[in-house]
């Protein structure tokens, strides 16, 4: 990606913000190039320009994607107040880069609600309900009187759910 033109890609990204599919394709190219040449200044430049345009959704997507590709990267302020993204020692997550490329190739929009889940991959299963663990967690900080009041209130709720609806 040494021949990648960041200025052109950034300009194309900013012009494509009205077309979420084109914008995502440009972002994908920028992210791949940064992952290859390890110069996070280009993402900082892109983020600054998107924020200057006032597009908070696009800025949020750039931050999110950067955080997913470079897990543990921090955006900090430098001496002059400029943003710095520290990616030194952080390997880019190839699964996220591949998922981002697939989303771009599939025509997903930068503004799609499904983009985050597509980039993150499969979600882990929701934990199963463990009533004993929940009871211990709830009861621990309560006094005996508070616990008895909670049990009475839960009993009322249980009876209300069992009662036939008229």
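The values are calculated or read from the model by the stated rules, or taken from the named source; none is laboratory data. Here the structure is a predicted model, which is why all the values come from computation and not from measurement. No Cβ is skipped: glycine too gets one built from the backbone with ideal geometry, and neighbour counts run over all protein chains shown.
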Does residue 2 satisfy being surrounded by fewer than 18 Cβ atoms within 10 Å (Cβ to Cβ), modelled with pLDDT under 90 and either over 19 Å from the mean Cα position of the chain (by Cα) or in the same structural domain as residue 105 (by TED's automatic domain parsing) (or both)? yes
In this structure, is residue 57 at negative phi, exposed (fewer than 15 other Cβ atoms within 10 Å of the Cβ) and either under 16 Å from the mean Cα position of the chain (by Cα) or not in a helix (DSSP H, G or I) (or both)? yes
List every residue pair whose Cβ atoms sit under 7 Å apart, with the two residues 6 or more apart in sequence or on different chains, where the first one lies in the stretch 142-166 and is part of a helix (DSSP H, G or I) and the second, anywhere, is at pLDDT below 90. 147/139
Among (1) more than 24 Å from residue 86 (Cβ to Cβ); (2) touching a strand residue (DSSP E or B) at 6+ places or on another chain (Cβ under 8 Å) - the single one residue 47 does not satisfy: (1)
Which of the following residues is buried (at least 19 other Cβ atoms within 10 Å of the Cβ), without any contact (Cβ under 8 Å) to a residue 60 or more places away in the chain and more than 21 Å from the chain's Cα centre (by Cα): 33, 9? 9
Residue 103 vs. criteria under 30 Å from residue 17 (Cα atoms), in contact (Cβ under 8 Å) with a residue 24 or more places away in the chain and part of a helix (DSSP H, G or I): yes
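Within the stretch 1-20, can you find the residues that are out of contact with any helix residue (DSSP H, G or I) (no Cβ under 8 Å at 6 or more places or on another chain) and in a helix (DSSP H, G or I)?
Within the stretch 1-20, 7, 8, 11, 15, 18, 20 qualify.
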Output yes when any residue across the stretch 65-86 is at positive phi, touching a residue at least 40 places away in the same chain (Cβ under 8 Å) and surrounded by fewer than 19 Cβ atoms within 10 Å (Cβ to Cβ), and no when none is. no
